Structure formats: structure tokens, C-alpha cells
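A.B. asks: Sharing a structure with you now.
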Amino acid sequence: MPKTDPRVDDYIAKSRPFAQPVLRHLRKLVHRGCPEVEESIRWSHISFSHQGRILAGMAAFKEHLSFGFWHKDMEPILVRDGYKPGDAMGLMGRISSLDHIPSDAKMARYVEMAVALLESGEPARARPKPGPKAPLRIPPTLTAALKKNRKAAATWDKLSYSHRKEYLEWLTEAKREETKATRLATTVEWLAEGKSRNWKYENC
């Protein structure tokens, strides 16, 4: 059975309807081509790794999604087959339906090539230099709630930038007032218990 990450399930479920079947199919093909692959959420997108190195990644946007292999030597192979380097990880261009991705047989060959490149030990690509982190905007409601709960405030002070961002994104994406209130209460409760936003998945 493929080793899956519940966060990837959540990512796909929250993506636009047109993107969901494509993401699921690409995910299946990567697992089929590399049964040992490990999946995760990295840089807010879906990432696949093999032997501790990034194999491929995919991301969904409002009107398209992208998929690409991480190793730099995959780019000329894809260009030769008619694909053009595109957005972010999108070495296959802008994808909006299953018709825009290679056949299952061709994808299997691509995955095998990408795995072989990683296992060869050849450098994949230079790690991008991190840019300056945007300041996090903390909602007044959270600030007020933390002032009333010392344990929650202590945990918040110790959280990394990325862990704080996960909580803030969860809080601010809520639309209904009832949902906002429920998420705020849950946030304070989890923080008081010393938990990060995705604590349920950290030991999966």
C-alpha cells in the first residue's frame, strides 16, 4: 500500500473541482512509478521525495495546476518531448484537465528516469535562497485571547514562523462568524496544550 500523508488528502479536497481528479491521478502515477516515495506538504504545495531528496512536486491554483520533476536533468527530457518549462514546478506547462498530462505509460517512464537521476547522486538543483519573510498579521481577536491565556501565549511565543503562519491562515480563511469563533477557541485550546496547528499529523 502506498504511504500517504493526510495533509495531501486535505490539500486535494480543498482544491478547485477541476483540479482534484488531476491531482489524484498524478499522485497515483507517482506512487506507482516509485512505490517507496514519501509525500508531504512543502512550501504549501504537494511534494514527493525519494531517499530524502525531492523527486517531484505539484500545486493547484485558481485556473490551472502545475507538476514538475525536481532534478534539473529532467527539464531537457521534457522539453524534447514538447513540454515547456512554466510556472513554479510546472515543467509540463499549465494543466487544467487530465487531457493535458502525459499518458500513464509515458509518466511511468518519466518517474523511472527521475528516480534514476536521484539515485545516481547527481546534484538536483541549487536550493533557492529564501527571501525575506513577510510580517505576519495577527488578528486582534487572537491577540486578545492570548492575553487571557498564559499557557497559550507561552506556546505562541515559542512557535516558529511557519507554525504561526499555519494557525493564522486557518483562522483568517474562515468566512462565517461562527466558524471564526470556533477556530479561535480551538487555536487557544491547542496552544495551551503546547500543540502546533497540524499536531495530528506530526507523528504520522
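A.B. asks: Quick one: among A192, A59, A108, which has the greatest mean-square fluctuation in a GNM of the chain with alpha-carbon springs under 10 angstrom?
C.D. replies: A192
A.B. asks: To continue, here is another question. In a GNM of the chain with a 10 Å cut-off on Cα contacts, which of K106, K133, K14 has the highest mean-square fluctuation?
C.D. replies: K133
A.B. asks: Now a separate question. With all protein chains present, how much of the accessible area of the chain (probe radius 1.4 Å) comes from carbon and sulfur, to the nearest whole percent?
C.D. replies: 52 percent
A.B. asks: Length gain on complete extension for the stretch D99 to R7, per 0.36 nm per residue less the alpha carbon to alpha carbon distance?
C.D. replies: Here the answer is 30.5 nm.
A.B. asks: Something else about it: Which value at 222 nm does the chain reach when only helices count, each DSSP H run of 4 or more adding -39,500 (n - 2.57), with the total divided by all residues and rounded to the nearest 500 deg cm²/dmol?
C.D. replies: The per-residue figure over the chain is -13500 deg cm²/dmol.
A.B. asks: Note down the magnitude of the dipole of the chain about its Cα centre, charges +1 on Lys and Arg C-beta and -1 on Asp and Glu C-beta and zero elsewhere, to the nearest 20 debye.
C.D. replies: Around 840 debye, computed over the chain.
A.B. asks: Suppose all protein chains stay in the model; what accessible area per residue would a 1.4 Å probe give for the chain, in Å²?
C.D. replies: 61 Å²
A.B. asks: Still on this structure, please answer the following. Of K148/K180; K147/K180; K148/K195; K148/K175; K3/K200; K72/K106, which ones are farther than 22 Å apart at the Cα?
C.D. replies: Violating the 22 Å limit, Cα to Cα: K148/K175.
The values are calculated or read from the model by the stated rules, or taken from the named source; none is laboratory data. Computed from a predicted structure; not experimentally measured. Positions of Cβ are backbone-derived with ideal geometry, glycine not excepted, and every protein chain shown enters the neighbour counts. Areas reflect the complete protein model, heavy atoms only, side chains present, ligands, DNA and RNA absent. Shrake-Rupley method; radii C 1.70, N 1.55, O 1.52, S 1.80 Å.
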